[in-house]
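Here, each number is a calculation from the coordinates, and none is a lab measurement. This is a predicted model, so every value here is computed, not measured.
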Amino acid sequence: MIAAGDGRPVKSILEIAYLTDDEIKRGAEIAVQAGVAYVKTGTGWAGKPTTVETIRLIK
């Protein structure tokens, strides 16, 4: 796991409302390869809800 300079875990945010399914999968893969501790589905401002299918894509 990658940590910030002060030792805190790094979180990644994928704004899924603006991504295709393939981009969501690739973004999650990159996050895992980078060692981030958490992947969020968005900031909440895009207006598209997260679905179970989206979580499956990320997983």
### Query
Given the rule -39500 (n - 2.57) for each run of at least 4 DSSP H residues, summed and divided by the residues of the chain, what is its mean residue ellipticity at 222 nm, to the nearest 500 deg cm²/dmol?
-10500 deg cm²/dmol
### Nearest-ten-degree value, helix 21-34 long axis tilted from longest Cα axis of the chain
10
## Note on the structure
Relative contact order as a percentage, the chain, C-alpha pairs under 8 Å and 6+ apart, gives 43
### Query
Taking all pairs of different Cα atoms in the chain, averaging 1/r and flipping that mean, what Kirkwood radius in angstroms comes out?
11.9
